[in-house]
Structures are given as structure tokens and as C-alpha cells.
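A.B. asks: Provided herewith is a single structure, encoded as C-alpha cells, for subsequent inquiry.
The values are calculated or read from the model by the stated rules, or taken from the named source; none is laboratory data. Model, not experiment: these values are computed from the prediction. As a convention, Cβ positions derive from the backbone with ideal geometry for all residues, glycine included, and neighbour counts pool all protein chains shown. SASA here: full protein model, heavy atoms, side chains in, ligands and nucleic acids out. Shrake-Rupley method; radii C 1.70, N 1.55, O 1.52, S 1.80 Å.
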Amino acid sequence: MADVVAAVGLCFTCRWMRAAGNQRGSTFFRCTRADTAPRFVRYPTLPMRTCAGYEEAMLFVVLLHYTKPLDAVDAVRADHLRHLETHAARGVFHAWARRAPAAGGVLLATAPDRAALEAVVANDPYITAGVARAEIVEFKPSNVRGALKQ
């Protein structure tokens, strides 16, 4: 994860960033500030080390609560993990694990706003299969360490 953060720079944790992928598996980081302020570049050269428009994205903890027996959850687990990996590559999910005891999961995410994260979570195979429900806890990152800190 630290390699991705270093390769992308500030855009990785900026609230204005929108990651987009293509059919070949490449990910592009788009600055949505460029939509209304022409002084910003729509697709900046990475890594971005300084930016006058940088605003730190919100941090979220997503608590997954299993609503079906574990065997039903495990039947869609591989699809769920692919979903997490896909969105980790786009800068949304940074860490995740099954809770102990196995009553659900915990995801650490960054997103420009709650609505953007809700859209990603709504498409999680656990949610679409009805084997889990999600609780999203939002917080402003005032004490950030490690790979999430720029």
C-alpha cells in the first residue's frame, strides 16, 4: 500500500480525487476541482507532491454485520474480496479483516464524501447477496499516522 501512496502522492488522500479504471486494468486519478477551477489539471502528473487545492478526504470505518449463517457468507466471500481489492487499487479501501468472532467485518476507507463510499459499499457482493448489512462511521482525520499520512 505504501508503494501506491508514494506513486500517487497527495491525490491518493484528496477529497477531490476520483479514481477511474479502464478495461486494461489501469487506474487514473482525476481531479474534480478541474471541473470548476481551470487552474487545476484534470489528470495531474503523478506523484503529486504539492497542490493548492488539496483537501484531505474523510476517513470511514465500515462495519459489516453478517445477516446470514457463515456458510452463506463464505459462499460469496471470493467475490467480496475481489470487490475490496478492486476498490483498494482505486484508493477507497486501505485495510480490512473479518471480525473475531466471525460476526462481520471491518473496513477502513477514505472517500471524498459519504455518498461516494455508500455507492461502493452498496455494490459489495455481501450486500447485494443479502448476507450482510453495512454500518458506515465517518470521522474527520485529525490524528493520522502511517501510510494514510502525507
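A.B. asks: Roughly speaking, to the nearest percent, how much of the chain's 1.4 Å accessible area is carbon and sulfur? Numbers along the way, then the final one.
C.D. replies: Numbers: 4530 of 8310 Å².
Solvent-exposed carbon and sulfur of the chain make up 54 percent of the total.
A.B. asks: Keeping all protein chains in place, calculate the accessible area per residue for the stretch 1-147 (probe 1.4 angstrom), answer in Å². Don't skip to the answer; put the middle values down first.
C.D. replies: On the way: 8080 Å² over 147 residues.
Roughly 55 Å² per residue, with all protein chains present.
A.B. asks: How far is helix 77-89 tilted, in degrees, relative to the longest principal axis of the Cα atoms in the chain, given as a value from 0 to 90 rounded to the nearest 10?
C.D. replies: The two axes meet at around 10 degrees.
A.B. asks: Can you give the extra length, in nm with one decimal, that the chain gains between Asp113 and Ala78 once fully stretched, where that is 0.36 nm per residue apart less the Cα-Cα distance? Please report the intermediate quantities before stating the final value.
C.D. replies: Values: separation 35, 0.36 × 35 = 12.60 nm, distance 2.72 nm.
Value of the extension gain: 9.9 nm.
A.B. asks: Would you mind giving the three semi-axes, in whole Å and largest first, of the ellipsoid equivalent to the stretch 41-117 according to its Cα gyration tensor?
C.D. replies: 32, 13, 9
A.B. asks: With r as the distance between the Cβ atoms of Thr36 and Ala97 and R0 = 41 Å, compute the FRET efficiency 1/(1 + (r/R0)^6) and round to 0.05. Spell out each step's value before the answer.
C.D. replies: Working: r = 38 Å, r/R0 = 0.94.
The calculated FRET efficiency here is 0.60.
A.B. asks: Determine ³J(HN,Hα), in whole Hz, for all residues of the stretch 8-24 in sequence, where each value follows from phi through the Karplus function 6.51 cos²θ - 1.76 cosθ + 1.60 and θ = phi - 60°; x replaces Gly and Pro.
C.D. replies: 9, x, 4, 4, 4, 10, 8, 5, 8, 7, 10, 8, 9, x, 10, 5, 8
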